[in-house]
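All remarks here apply to the structure that follows.
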Amino acid sequence: MDVVLTGTGSPLPDPHRAGPSTLVKAGDTHVLVDAGRGVVMRLAGAGSLPAWLSAVLVTHLHSDHVCALNDVITTHWIMSGGNATLQVYGPPGIERFVERQLGALEADIGYRLAHHDALVNGPRVAVTELEAGATLEIGGVRVVAAATDHAPVRPTLGYRLTHEGRSAAVVGDTVPCDGVDQLASEADAYVQTVIRKDLVELSPNEMFRDILDYHSGVVEAAQTAARVGAKRLVLTHMVPAPAAEQYPEWIELAAAHYGGEVIIGDDLTTISL
């Protein structure tokens, strides 16, 4: 099983980092977690395409995590010739979100149906809203959902994906909580969005400092990984995004609290489990 960081960015535009998303590949099963800006291009770079996705899992409805879902839907529709259904899973509210995305695409869908005789229907999207504790099977990958804590964003979910004895926890935006502990316990890879709280605190921008209260810091993520026995800690959605020469500083900060492997990623960083 491979975990590919298809987007390591945040709401802050970055020419080198797509918006938050993570691809989990287990044989022919490709599962995308979140769909931040630029995700379709990053999927291509990861050796995947929307038409090959077995499912999309959404952690929450913050715009930076879902703003490119319409691109995934449209590209999946066109590349499959309208003959495949895209499976989308997420917390309550995701069904309404997808309905509105399809509404926004109404003109485009009409143009393409009028132009291509091979297309006889619009995008087929099957949406399933999940509650904490839900389990499902996607092409031989077992998925468990658990509640995370990103208040006032509610509800939010993280996911644990398991295939042939290997597991990856992809938990999205959250502070440490019981749900994260459950998902990341002894996971082969624990993928956590993180901020550098020490740096964010220095900002004079009040709205920027607001992110302090609902994201895990590097230290907190490392403490979680140590507490639950995760084998690897993978840092993504880093704020403020570090340059490559700053990576050792971030890793050192985590390593002070966690003895396992710490991975800090560029887009398309791949962790083979």
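The values are calculated or read from the model by the stated rules, or taken from the named source; none is laboratory data. Just so it is clear, the model here is predicted, and its values are computed rather than measured. Every residue, glycine as well, gets a Cβ built from its backbone with ideal geometry; the counts of neighbours run over all protein chains shown. The accessibility values were calculated without ligands, DNA or RNA, using every heavy atom of the protein model including side chains. Shrake-Rupley method; radii C 1.70, N 1.55, O 1.52, S 1.80 Å.
Over segment 143-256, what is the relative contact order in whole percent, taking alpha-carbon pairs under 8 Å and six or more residues apart? Intermediate values should be presented prior to the final figure.
Working: 223 pairs, mean separation 27.8, N = 114.
Averaging sequence separation for qualifying contacts and normalising by length gives 24 percent for segment 143-256.
Rounded to the nearest 0.05, what FRET efficiency do Ser272 and Arg209 have when you use their Cβ-Cβ distance and R0 = 45 Å?
On the way: r = 37 Å, r/R0 = 0.83.
Taking R0 as 45 Å, the efficiency between Ser272 and Arg209 is 0.75.
Once the whole set of protein chains is in place, how much accessible area is left on His257, using a 1.4 Å probe, in Å² to the nearest 10?
80
Which whole-number percentage describes the relative contact order of the chain, with Cα contacts under 8 Å and a sequence gap of 6 or more?
Working: 635 pairs, mean separation 48.7, N = 273.
Relative contact order of the chain: 18 percent.
Residues of the chain: accessible area per residue at 1.4 Å, in Å²? Numbers along the way, then the final one.
Values: 11550 Å² over 273 residues.
Ligands and nucleic acids excluded, the figure is 42 Å² per residue.
I'd like the per residue volume of the convex hull spanned by the Cα atoms of segment 1-138, given in cubic angstrom.
Details: hull volume 15.6 nm³, N = 138.
That works out to 113 Å³ per residue.
Calculate the all-directions average of the projected area of segment 24-93's alpha-carbon convex hull, and give it in nm². Spell out each step's value before the answer.
Numbers: hull surface 17.9 nm².
Result: 4.5 nm².
Most mobile of Leu157, Leu202, Leu57 per a Gaussian network model of the chain (Cα springs, under 10 Å)?
Result for the chain, Cα springs under 10 Å: Leu202 fluctuates most.
For segment 116-219, what percent of Cα pairs sit more than 18 Å apart? All intermediate terms of the calculation are to be shown ahead of the outcome.
On the way: 3094 of 5356 pairs.
For segment 116-219, the share of Cα pairs beyond 18 Å comes to 58 percent.
Restricting the calculation to Cα positions, tell me the Rg (one decimal) and the Dmax (whole number) of the chain in Å.
That works out to 18.2, 61 Å for Rg and Dmax.
Specify, per residue and in Å³, the volume enclosed by the convex hull of the alpha carbon atoms belonging to segment 64-126.
Values: hull volume 4.8 nm³, N = 63.
Convex hull of Cα atoms, per residue: 76 Å³.
Please list, short to long, the whole-number percent of alpha-carbon pairs of segment 179-273 in consecutive 10 angstrom bins beginning at zero.
Result returned by the calculation: 17, 49, 29, 5, 0.
So for Val56, Val120, what's the accessible-area order with a 1.4 Å probe, most first?
Working: Val56 0, Val120 120 Å².
Highest to lowest solvent-accessible surface, that is Val120, Val56.
Using alpha-carbon pairs under 8 Å, 6+ residues apart, how would you state the relative contact order of segment 1-113 in percent? Walk me through the numbers on the way to the answer.
Details: 195 pairs, mean separation 23.0, N = 113.
Relative contact order of segment 1-113: 20 percent.
Select from Gly140, Gly36, Gly165 the residue whose mean-square fluctuation is largest in a Gaussian network model of the chain (Cα-Cα springs shorter than 10 Å).
Judging by the Gaussian network model, the answer is Gly165.
If you average the alpha carbon positions of segment 93-163 and of segment 225-273, how far apart do those two centres end up, in angstrom?
Value for the Cα centre distance between the two parts: 29 Å.
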